[in-house]
Amino acid sequence: MVRIYVIDNGGQWTHREWRTLRDLDVDTRIVPNTTAFKELQKENIDGLVLSGGAPRIALEGSLGNCGEYLEKARFPILGICAGHQFMARFYGGKAKPSKIPEFGKIELTLLKKNDPLFEGVSKKSIVWESHNDEVTVLPKGFERLAESENCKIQAMRHKKKIMYGLQFHPEVEHTDYGEQIFKNFVKLCEK
Amino acid sequence: MFDAERFIEKTVAKLKEDVTKKALIAFSGGVDSTVSAVLVNRAIGNQLIAVNVDTGYMRKNEPENVKKMMKELGLNFRFVDANKEFYHALKGVEDPEKKRKIIGEKFIRIFERVAEEEQIEYLVQGTIAPDWIESGGGLRDTIKSHHNVGGLPKTMKLKLVEPLKDLYKDEVRKVARILHLKVSERQPFPGPGLAIRIIGEATPERTELVREACDIVEKEIEHAVEKGLMEKPWQYFAVLIPIKTVGVHGDKRAYGNTIAIRAVQSVDAMTCHYSTIPHEVLDTISTKITNTLKEKVNRIVYDVTNKPPGTVEWE
């Protein structure tokens, strides 16, 4: 059984991330973002999801120990919303309050074919959003994978490591290919 | 995947261990509290007392229906008529968070009274995942204080038992179906009841208006679903907006309140899409509400907000 933990940054949908993983038969738990990396290592996890959180939470400071996880992890990491924004900042990109925040239903456009996280996802699909902030400058070593009308960096990935950031929320029921994206992430963690 | 049968087995076994003395369940007659009551009842039998409180903010005929249900389920029960107490406590209160907190505290004080009389030590609640997630605490922002979590007073004598805490509504419904409970498909109704479907002060007079309007919305939508005109919404109701607009009633100027029709589709209440109610159904609802509530209500609006940015209820 693959083991993927959800780091809780205080998001309204942290529990949904846990539930989606559990429904895919993943061995999963929600752990606070103050957990030391050593503790996670002891649990032999295969992957990590960094949850979202309240507005502005990822724009300054260290978002608990998320920086330590990004620095030391040898397993795949999926950052969602605040987790994604923090990931961008950590690698030298920028995250700022959105000019046009997005809430609810939005059309997502994929920019790259054949990325393993988006396998089986249509070029255009409906995703659900809930963000006040966004990544405005892509960090070095990352590439952009998806955009929406008002947010250019809806998805990004590290070019070498299996590290993804998503601005939209694949964990909620109303996102068209949400479960598919999680399935793909689980596959990446199994390898 | 969530295994409801295993959940029932494990939970009943755990409740047998954890609940060693008399317990009381806050029983509303909704899916969550009914499932909780049946599980605890399986574990400790008539050591469990179901308490239903008529807050005055219940839907039409609800107190009678809930009493009937508690009898049918073979529960040891108490019914508390606290209409006046609640109306009094909410007098002059307009802020939605204050309303929720006052109601949450009132509930607990009533339960404590019963507990003292019956020498009860445990309070069982049908809390489910979205209740404590939205109530905030720690890192999480408070979206709204669910009366059974964020609305709880700081000092409480009873020990809390929440067997459904990690489940979502669709999972609770699965458990309810296995337990053959009639309420398994019932639409959610918030604990604070109609008090949070009245924007502004929840006076007894305003409550009557929204009670009638909710009843019309429920009946007409259920009727439309039966006829195959629309999909059954997750939740459907009316909200009273005490903003007056001008109308005309038989050559006479009218100046009455506004009612909003709200219906949403969801699986777990964490995200919702507004329901597409056919225009003919909206039309019937609109005419019925205004004809029934006459000079009190002369305008009907239809809420087309998803969650996010909105929430299901308006407060």
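The values are calculated or read from the model by the stated rules, or taken from the named source; none is laboratory data. Given the structure is predicted, the values throughout are model-derived calculations rather than measurements. Cβ coordinates were reconstructed from backbone atoms using ideal geometry, including for glycine residues, and neighbour counts include every protein chain displayed.
A:Gly79 satisfies every condition listed in (1) in a strand (DSSP E or B); (2) in contact (Cβ under 8 Å) with a residue 60 or more places away in the chain; (3) farther than 18 Å from A:Lys183 by Cα; (4) in contact with a helix residue (DSSP H, G or I) (Cβ under 7 Å, 6 or more places away or on another chain) except (3). For the range B:89-120, filtered to residues that are hydrophobic (A, V, I, L, M, F, W, C) and outside any helix (DSSP H, G or I), the residue that is surrounded by the most Cβ atoms within 10 Å (Cβ to Cβ) is B:Leu90.
Considering only residues in the range B:75-88 that are touching a residue at least 24 places away in the same chain (Cβ under 8 Å) and surrounded by fewer than 13 Cβ atoms within 10 Å (Cβ to Cβ), the one that is nearest to B:Arg197 (Cα to Cα) turns out to be B:Lys84. If the condition is being in contact with a Gly (Cβ under 8 Å, 6 or more places away or on another chain), part of a loop (DSSP other than H, G, I, E, B), more than 8 Å from chain B (Cβ to nearest Cβ) and over 15 Å from A:Phe182 (Cα atoms), then the range A:1-34 contributes only A:Thr34. When B:Gly228 is tested against (1) at positive phi; (2) in contact with a Lys or Arg (Cβ under 9 Å, 6 or more places away or on another chain), exactly one condition is not met: (2). The requirement of being at positive phi and aliphatic (A, V, I, L, M) is not satisfied by B:Ala260.
Restricting to the range A:1-36, give me the number of residues that are over 23 Å from B:Met270 (Cβ atoms) and crowded, with 16+ Cβ neighbours inside 10 Å.
Matching residues across the range A:1-36 total 3.
Scanning the range A:66-104 for residues that are polar (S, T, N, Q) and within 14 Å of another protein chain (Cβ to nearest Cβ) returns a single hit, A:Ser98.
Residues that are within 13 Å of another protein chain (Cβ to nearest Cβ) and more than 20 Å from B:Thr55 (Cα to Cα) are absent from the range B:149-157. Within the range A:37-64, the set of residues being out of contact with any Gly (no Cβ under 8 Å at 6 or more places or on another chain), surrounded by 15 or more Cβ atoms within 10 Å (Cβ to Cβ) and closer than 16 Å to A:Phe75 by Cα comprises A:Phe37, A:Leu40, A:Ile45, A:Asp46, A:Gly47, A:Leu48. Selection of the range B:13-57 for residues being out of contact with any Ser or Thr (no Cβ under 9 Å at 6 or more places or on another chain), within 21 Å of B:Ile103 (Cβ to Cβ) and assigned to a loop (DSSP other than H, G, I, E, B) yields B:Gly29, B:Gly30, B:Thr55. When A:Val49, A:Val127, A:Val121 are checked against the criterion of being among the β-branched types (Val, Ile, Thr) and assigned to a loop (DSSP other than H, G, I, E, B), A:Val121 stands alone in meeting it.
Output the residues belonging to the range B:150-167 that are modelled with pLDDT of 90 or more and assigned to a loop (DSSP other than H, G, I, E, B). Across the range B:150-167, the qualifying residues are B:Glu162, B:Pro163, B:Leu164, B:Lys165, B:Leu167.
Number of residues in the range B:121-134 that are surrounded by fewer than 22 Cβ atoms within 10 Å (Cβ to Cβ) and either outside any helix (DSSP H, G or I) or away from every other protein chain (no Cβ under 14 Å) (or both): the value is 1. State all residues of the range A:43-65 that are small (Gly, Ala, Ser) and either in contact with a Phe, Trp or Tyr (Cβ under 8 Å, 6 or more places away or on another chain) or more than 14 Å from chain B (Cβ to nearest Cβ) (or both); if no residue qualifies, say none. Matches in the range A:43-65: A:Gly47, A:Ser51, A:Gly52, A:Ala58.
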